[in-house]
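Enquirer: Structure incoming, see below.
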Amino acid sequence: MKIHDIAHARAGDKGDTSDLTLFAYHPRDFDRLVAEVTVERVRTHFAGIVHEEIECYLLPQLGAIKFVLRDALGGGVTRSLALDAHGKCYSSLLLDLEISADPVEARSAGQDITHHQPSTQKP
Amino acid sequence: MKTIRIGSGAGFSGDRIEPAVELAEHGKLDFLVFECLAERTIALAQQRRLRDPADGYDPGLEARLEAVLPICAAKGVRIISNMGAANPLAAQSKVVEVARRLDLPGLKVAAVTGDDVMPAVVDGDFAVAENSQPVRALGNRLISANAYLGAAPIVEALRVGADIVLTGRVADPALFCAPLIHAFGWAWDDWFHLGQGTLVGHLLECAGQITGGYFADPGRKSVPDLARLGFPIAEVSTDGAIVITKVPGSGGAVTVRTCKEQLLYEIHDPAAYMTPDVVADFSAVEVNEIGPDRVAISGATGRARPEKLKVSLGYRDGFVGEGQISYAGTGAVARGKLALEIVCERFRLLGLEPLELRGELIGINSLFPSREVDDPGHVSEVRVRVTGRTETFEDALRIGNEVETLYTNGPAAGGGVTKSAREVIAVLSTFIPRGLARPEIDYAVT
């Protein structure tokens, strides 16, 4: 199955950086997304597009995972040669990522994955 | 408790006008804000100003104001916009002209200037944030330098009684945060409320992107009456509580999902959303539906503003040429690939060496370059796209021309050629001390 079955997404851009956020439709699928959609999987999925590090932020109360892809827009919307210079289509491409159909298997597969937390905690 | 209603009348320069009219007419608004200035827009506007000193403001200013000004004047809705672009004073003159033509006397129109920091940047010793090179190295390719101003000059113009405030480059959320600071008297170091106000701005600044635009995915995410998509309203209370809604009966939807997508749009680190007024923290924000098309958003905060101001640098970055041609039916992909090979070979034979070259098949791999081309399965049509960066306009033209010659010199049955060539105005950024940007406000009465 594809992430598209359990999540929606939005893409944005700032300069040469693409900003992709993934949202679980249902809270029960959030842990599964975190386990399956790792930075490494995103890097592999976007091979040829992303050239620098990928930052990842988890927002459990929103069921959201944010990926920030540096050096991923061919120099940015103002100079990129790409047809989709903003990378607006990247959100749909992300939702095409295949995940395992069995949520239990997915959770155990992702246990050793670490993610960034937002840089400060709420007061 | 006092509640302020702010409508978002545009999310970009080319946005639809009808939703702004609907908001002005039926939104029970206190303020109507138009955000029309993207990263590069101000550099392009600066070029228009260089050609004509009376130009350089948003090309849609006159049409937008003609549409909403009679309604806003009648209902006492105050207008805030960055449609001043590279020339807020010329925009002010245009708005005064429009108001007089519409017989709307007595409106105070403020123009905020001071974001243009070109002389200070040229004279100074600053580094480009993206590559650490000196800004000076851009030489005469640099065409604009605009600092992102904060909310302060807008708040001051509102205090003095402006009905319409026109700015150049200000941080997008500041356009929305300013009327809240004005209405509620928040202090400039009240980081909590400035964080809440910045959240309001961030949620509204893309207009229809929170009411169901950029959202629909048939079969998974439906949006009612998207053709008549309405634009959002924020209801903000004295304590900073936020409700996002829209005009009843307008198209689109305000739901937890539309709000969550916009909340996290383009912000990178959710705990450190940088503006000139505050470093806002959205990392603990919660989103709750409290009624049909009514969503409460809470939990933003903030901390002390950054020391320096970000400056957007517009510069000439060579030229780009492009050509496209279509192939259809059995073998379309093979003929498309052959066409790409031929064009590249002809560039070599002609000695044309683009600084960067991209050839792709639209429908196969133009949006996802790493996708396999060899076995795409059956496709009924493909469109060849060749684009390259060059040092001269003439070379950029030659790229499209070599696609066009595929009509009679390429694979069978190529059709529908388009070609283009343009100068590239690109954008970089730097940071300057706050004191180098000196905002000023000029007033005119209609």
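Laboratory data are not the source of any read-out in this text; all were calculated from the coordinates shown. Quick caveat: nothing in here was measured; it's all calculated off a predicted structure. For neighbour counting, all protein chains shown are included, and Cβ atoms are generated from backbone atoms with ideal geometry for every residue, glycine included.
Enquirer: With each pseudo-label sitting 7 Å past Cα toward Cβ, what's the B:Ala334-A:Leu83 distance in nm, one decimal?
Expert: In this crude spin-label approximation the distance works out to 2.2 nm.
Enquirer: Related question: Can you give the convex hull volume of the alpha carbon atoms of segment B:313-429 per residue, in Å³?
Expert: Roughly 103 Å³ of hull volume per residue.
Enquirer: Defining a contact as two alpha carbons under 8 Å apart and six or more residues distant in sequence, what relative contact order in percent does chain B show?
Expert: 18 percent
Enquirer: Please compute the average number of Cβ atoms from other chains found within 10 Å of each residue's Cβ in peptide B:255-267.
Expert: 5
Enquirer: Further question: Multiply the residue separation of B:Ala227 and B:Thr3 by 0.36 nm, subtract the distance between their alpha-carbon atoms, and state the gained length in nm to one decimal.
Expert: Taking B:Ala227 through B:Thr3 to full extension adds about 77.6 nm, to one decimal.
Enquirer: Within 10 Å of each residue's Cβ, count the other Cβ atoms and sort B:Tyr327, B:Tyr273, B:Tyr57, B:Tyr407 from fewest upward.
Expert: B:Tyr407, B:Tyr273, B:Tyr327, B:Tyr57
Enquirer: Let me ask another. Pairs of Cα atoms under 8 Å, at least six residues apart: use those to get the relative contact order of segment B:313-429, whole percent.
Expert: Relative contact order here is 49 percent.
Enquirer: Quick one, what does Rg over Rh come out to for chain B if you take C-alpha atoms and the Kirkwood Rh?
Expert: 1.02
Enquirer: What percent does the relative contact order of segment B:1-63 come to when contacts are Cα pairs within less than 8 Å and at least six residues apart?
Expert: Normalised by residue count, the contact order of segment B:1-63 is 32 percent.
Enquirer: Test of understanding: ordering B:His26, A:His51, B:His202 by Cβ neighbours within 10 Å, fewest first, what list do you get?
Expert: With the sparsest Cβ surroundings first, the list reads A:His51, B:His26, B:His202.
Enquirer: For A:Lys88, which lysines qualify as cross-link partners when the Cα separation must be under 29 Å and same-chain residues fewer than eight apart are set aside?
Expert: Straight-distance partners of A:Lys88: A:Lys2, A:Lys14, A:Lys66, B:Lys221, B:Lys246, B:Lys260, B:Lys310, B:Lys337, B:Lys419.
Enquirer: Around B:Gln196, with a cut-off of 11 angstrom between Cβ atoms, what is the net charge of the other residues, counting Lys and Arg +1 and Asp and Glu -1?
Expert: -3
Enquirer: Within chain B, which is the longest segment that contains none of the GluC sites (Glu not before Pro) sitting in a DSSP loop with at most 12 other Cβ atoms within 10 Å?
Expert: B:1-306
Enquirer: Something else about it: Jot down the radius of gyration and Dmax of segment A:1-93, Cα atoms only, both in angstrom.
Expert: So, for segment A:1-93, Rg and Dmax equal 13.1, 41 Å respectively.
Enquirer: On alpha carbon coordinates alone, what is the Rg over Rh value for segment B:100-188, Rh being the Kirkwood radius?
Expert: Across segment B:100-188, the Cα-based Rg/Rh ratio is 1.12.
Enquirer: Given the -39500 (n - 2.57) contribution per DSSP H run of 4+ residues, what per-residue ellipticity at 222 nm results for chain B, rounded to the nearest 500 deg cm²/dmol?
Expert: Rounded to the nearest 500, it is -9000 deg cm²/dmol.
Enquirer: With Cβ to Cβ distances under 12 Å as the rule, what net charge do the other residues near B:Ile210 carry (K, R +1; D, E -1)?
Expert: My count for the surroundings of B:Ile210 gives +1.
Enquirer: By its C-alpha gyration tensor, with a ≥ b ≥ c as the square roots of the eigenvalues, how is segment B:262-331 shaped: rounded for a/c under 1.5, else prolate for a/b larger than b/c, else oblate?
Expert: oblate
Enquirer: Let me see the P(r) profile for the protein assembly as shown: every Cα-Cα distance counted, bins of 20 Å, each bin given as a percent of all pairs.
Expert: Spelled out bin by bin, the protein assembly as shown gives 20, 51, 27, 2 percent.
Enquirer: Under 1.5 on a/c is rounded, so check that first for segment B:21-77, then, if it is not, pick prolate when a/b is larger than b/c and oblate when it is not; a ≥ b ≥ c are the square roots of the alpha carbon gyration tensor eigenvalues.
Expert: prolate
Enquirer: For B:Met1, A:Met1, B:Met118, what ranking results if the residue with the fewest other Cβ atoms within 10 Å of its Cβ goes first?
Expert: B:Met1, A:Met1, B:Met118
Enquirer: Next question, about the same structure. What FRET efficiency comes out for the pair A:Glu53/B:Leu350, r = Cβ-Cβ distance, R0 = 56 Å, nearest 0.05?
Expert: That pair, A:Glu53 with B:Leu350, gives E of 0.90.
Enquirer: Take B:Phe393 and B:Ala187, extend 7 Å from each Cα along the Cα→Cβ direction, and tell me the distance between the two endpoints in nm.
Expert: Result for the modelled spin labels: 5.6 nm.
Enquirer: Here's a follow-up. Label B:Glu66 and B:Asp103 with points 7 Å out from Cα along Cα→Cβ: what is the distance between them in nm?
Expert: Taking the two extended label points, one gets 1.8 nm.
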